[in-house]
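The values are calculated or read from the model by the stated rules, or taken from the named source; none is laboratory data. All figures in this text were calculated on a predicted structure; none of them were measured in a lab. Virtual Cβ from ideal backbone geometry, glycine too; neighbours counted across all protein chains shown.
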Amino acid sequence: MVQLFKKEVVTQLDEKKQNLTAKAKADTERQKALEEKELLEAEKAFRAGVVSVKDLIAPSALKTDSRFIQLGPKFVSTVFVVTYPRYITVGWFAPVINLNVPMDIAMYFYPVKPEAILKQLKNKVGALEAQILSDAEKGAPRDPIRETALKDIEQLRDDITQGTEKFFQYTLYATVYADDPKELDKLTEKIESIFGSKLVYSKRVFFQAEQGFNSTLPLGNDELYINFNMNTSPCASSFPFISSELTSDDGILYGINRHNNSLILFDRFSLQNANTVVFATSGAGKSYAVKLEVLRSMMLGTEVIIIDPEMEYKHLSDAVGGAYIDISLNSESKINPFDLPRPVSGRDKPADILRSAVITLKGLIRLMLGELTHAEDSLVDRALIETYAKKDITAESDLTRIEAPVMEDFEEILSGMEGGADLAERLKKYTKGTFAGLFNSPTNIDTKNQLVVFSVRDLEDELRPIGIYTIVNYIWNAVRSEMKKRILVIDEAWWLMQNEDSAKFIYALVKRCRKYYLGVTTITQDVNDFLRSPYGQAIVTNSSLQLLLKQSPAGIDLLVKTFMLTEGEKYLLMESGVGEGIFFAGAKHAAIKVVASYTEDQLITSDPRQLLEIEESKKEFEEEMAK
């Protein structure tokens, strides 16, 4: 009895102990849960005050409509492709890719197992053959649509079985952005019309604007899932990253297309104008590329005239037997800025030629004397007309039998006019002073050569813009006197962009030269000075060919804005090697690498080490021949 009582007491004590332990454990777990909850709330409060990447890129508001969604100030809509034609060319998607509008494009490829497709195609073949046989037994005319479908399916079965083709479910979406719903409608209609021109049927989302937008986000979520059965070849034809082909049957080799290693062969005279601009940093290979073009153009009979500021074209001129004319104070070669072009087959009237010469000379006088007041400008205009009249050159004269005046004649006329004494005194520096002789003599140079190079290296910096202006004017007169296929190369053209009159003259030359079968090549390394001039921008606009080689970070942003370059093209220009860049020809452009043969390289190189080696080889050869 006592033992039983003791046993019950022990049992009750154990139960109480267990209850106390369980209660303590529950209290501990409850406390931990409360602490965890407080910690989560604190962490949630902390995260609410932290700015993440999502906060930075997320729009301020989003509104969903039946046709579009509004992301902050932008309106967004999606176009999806429903069906494709039987045949479609490679690169058919390029017109959409090249549209200059903000756009997101998404492509989804869902692989399908060959076994399932082959089974479906087998059933389809059986059905088509049965229909064709049934029609034949009934005496019905053959159905070319069914026969073509059967042929296509059989070809696809063979390709899939041989492993040369895979099968996919393919989806294509394009999401466009606009500032208002009307502009958005125009953009989507334009994209649908481009698709329609390729016989690709597309639709705009309706009550699925949000799903369409989500499907083109870089998340890989296809929420529309509007697919089309395709094998590998047609899928590849829509690949968006295509390279432009700049290969033609005519023209010269400019270089290698770095996208696909094809040749860039082009005839600059086949475009709306034959003008070219070349932008590059010092040492990037711009003169090398131009000399290579000059050499190859000469092989096709093109005459070339070059204005050389640093004597870089002397070696090329000597090699091909060209005329190298040094224009400097100590040189015997003289150019008279008062020369007039000969009229060509009655197209140019003497009055027009004389008027054009006076306007050009006024620009030269401004370069020489600085800015002129309105009264001085009028005085100079009158003096120039009287200077020509002194030599019996008027609007009725026969310009084929004239003797042009010189700068000293102009000074005499100016000094004898009321109010012209001060201008004449300032002009004496060019007729009797330090710079006398350079622009005060009749022209005595001979330019009857396929290659003519005017060197201005030895001209003082003060005289260089004036000298180049005079040379370009002389060349323009020669071009207008006799129509031939010519190229004019103006190296370091930024010299002329520094002054409004010379910049205006070059722009007028670039704009009018097409009528005289002339192409102007403008080269500069000072991109900022050139493009910040309004005439520099106009010269680029009137040049169908553009060659951009390696650029410095200081000028790249201006080039990006002018040529509408992508980020990839921007970094390509900054990281390019010597002779590498982007070649623009009309609406097409491609990455280029300028290449030359060994013989061409020896003729056009500007590397001082190579030039010294060539000179030493010449001396050794001459010494051996003398022995």
What helices (runs of 4 or more DSSP H) completely inside the range 514-627 contain at least 1 residues that are more than 30 Å from Thr302 (Cα to Cα) and under 13 Å from the mean Cα position of the chain (by Cα)?
553-563, 567-575
Per the filter on the range 486-503, residues within 15 Å of Thr276 (Cα to Cα) and among the charged types (D, E, K, R) are Arg486, Asp491, Glu492
Given the structure, is Asn449 part of a loop (DSSP other than H, G, I, E, B) and modelled with pLDDT of 85 or more?
yes
Within the range 281-306, considering residues that are in contact with a Lys or Arg (Cβ under 7 Å, 6 or more places away or on another chain) and of a type in the set (S, T, N, Q), the one surrounded by the most Cβ atoms within 10 Å (Cβ to Cβ)
Thr302
Check Val278, Val320 and return the single one that is more than 30 Å from Ile105 (Cβ to Cβ), out of contact with any His (no Cβ under 8 Å at 6 or more places or on another chain) and buried (at least 18 other Cβ atoms within 10 Å of the Cβ).
Val278
I'd like the full set of residues that are in contact with a Ser or Thr (Cβ under 7 Å, 6 or more places away or on another chain), among the hydrophobic types (A, V, I, L, M, F, W, C) and in a loop (DSSP other than H, G, I, E, B), limited to the range 457-478.
Leu459
Kindly list the number of the only condition in (1) of a type in the set (Val, Ile, Thr); (2) at pLDDT 80 or above; (3) over 30 Å from Ser202 (Cα atoms) that fails for Val101.
(3)
If I filter the range 215-242 down to residues being of a type in the set (A, V, I, L, M) and more than 16 Å from Arg204 (Cα to Cα), which single residue comes out as modelled with the highest pLDDT?
Leu217
Identify, by number, the condition in (1) in a helix (DSSP H, G or I); (2) free of Cβ contacts under 8 Å to residues at least 40 places away in the same chain that Ser502 doesn't meet.
(2)
Taking only the range 162-180 into account, find how many residues are over 28 Å from the mean Cα position of the chain (by Cα), part of a loop (DSSP other than H, G, I, E, B) and at pLDDT 90 or above.
1
Taking Leu56, is it surrounded by 13 or more Cβ atoms within 10 Å (Cβ to Cβ) and out of contact with any helix residue (DSSP H, G or I) (no Cβ under 7 Å at 6 or more places or on another chain)?
no
Among the residues listed as Gly581, Gly577, the single one being surrounded by fewer than 13 Cβ atoms within 10 Å (Cβ to Cβ) and in contact with a strand residue (DSSP E or B) (Cβ under 9 Å, 6 or more places away or on another chain)
Gly577
Looking at the range 149-188 only, could you name the residues that are without any contact (Cβ under 8 Å) to a residue 12 or more places away in the chain and more than 30 Å from Ile97 (Cβ to Cβ)?
Lys151, Asp158, Gln162, Gly163
Residues that are surrounded by fewer than 16 Cβ atoms within 10 Å (Cβ to Cβ) and closer than 15 Å to Phe239 by Cα, drawn from the range 76-92
Thr89, Val90
Examine the range 543-552 for a residue that is touching a residue at least 40 places away in the same chain (Cβ under 8 Å), in contact with a Lys or Arg (Cβ under 6 Å, 6 or more places away or on another chain) and either under 23 Å from Trp494 (Cα atoms) or surrounded by fewer than 16 Cβ atoms within 10 Å (Cβ to Cβ) (or both), and state whether such a residue exists.
yes
Scanning the range 339-359 residue by residue, those modelled with pLDDT of 80 or more, touching a helix residue (DSSP H, G or I) at 6+ places or on another chain (Cβ under 7 Å) and over 15 Å from Arg382 (Cα atoms) turn out to be Asp339, Leu340
Is there any pair with a first residue in the range 435-453 that is at positive phi and a second that is of a type outside the set (A, V, I, L, M, F, W, C) whose Cβ atoms are under 8 Å apart and which are 6 or more apart or on different chains, and what are they?
Gly437/Lys334
Quick one: in the range 479-499, which of the residues that are part of a helix (DSSP H, G or I) and within 25 Å of the chain's Cα centre (by Cα) is surrounded by the most Cβ atoms within 10 Å (Cβ to Cβ)?
Leu496
Residue check, Phe279 against (1) closer than 13 Å to Ser606 by Cβ; (2) modelled with pLDDT under 90, all met but one. Which one?
(1)
In this structure, is Glu183 of a type in the set (Asp, Glu) and either in a loop (DSSP other than H, G, I, E, B) or surrounded by fewer than 16 Cβ atoms within 10 Å (Cβ to Cβ) (or both)?
yes
For strands (runs of 3 or more DSSP E) lying entirely in the range 249-347, having 3 or more residues that are touching a Gly at 6+ places or on another chain (Cβ under 8 Å) picks out 263-266
Tell me yes or no: at least one residue of the range 307-316 is farther than 25 Å from Thr431 by Cβ, in contact (Cβ under 8 Å) with a residue 40 or more places away in the chain and exposed (fewer than 13 other Cβ atoms within 10 Å of the Cβ).
no
Of the residues in the range 388-421, those that are touching a helix residue (DSSP H, G or I) at 6+ places or on another chain (Cβ under 7 Å), within 16 Å of Leu361 (Cβ to Cβ) and in a helix (DSSP H, G or I) number 9
So which residues in the range 186-221 are assigned to a helix (DSSP H, G or I), among the charged types (D, E, K, R) and closer than 15 Å to Asp65 by Cα?
Glu210
Being among the hydrophobic types (A, V, I, L, M, F, W, C) and either touching a Ser or Thr at 6+ places or on another chain (Cβ under 6 Å) or at pLDDT below 85 (or both) is the filter here, so list the residues in the range 376-403 that pass it.
Ile393, Ala395, Leu399, Ile402
Show the residue pairs that are 6+ apart or on different chains and have beta-carbon atoms under 6 Å apart, the first residue being within the range 285-296 and among the small types (Gly, Ala, Ser), the second being surrounded by 24 or more Cβ atoms within 10 Å (Cβ to Cβ).
Gly285/Leu549
From Asp159, Asp185, Asp143, residue being farther than 20 Å from Tyr108 by Cα and at pLDDT 90 or above
Asp185
The lone condition Pro95 fails out of (1) surrounded by 15 or more Cβ atoms within 10 Å (Cβ to Cβ); (2) within 24 Å of Asn227 (Cα to Cα); (3) in contact with a helix residue (DSSP H, G or I) (Cβ under 7 Å, 6 or more places away or on another chain) is (1)
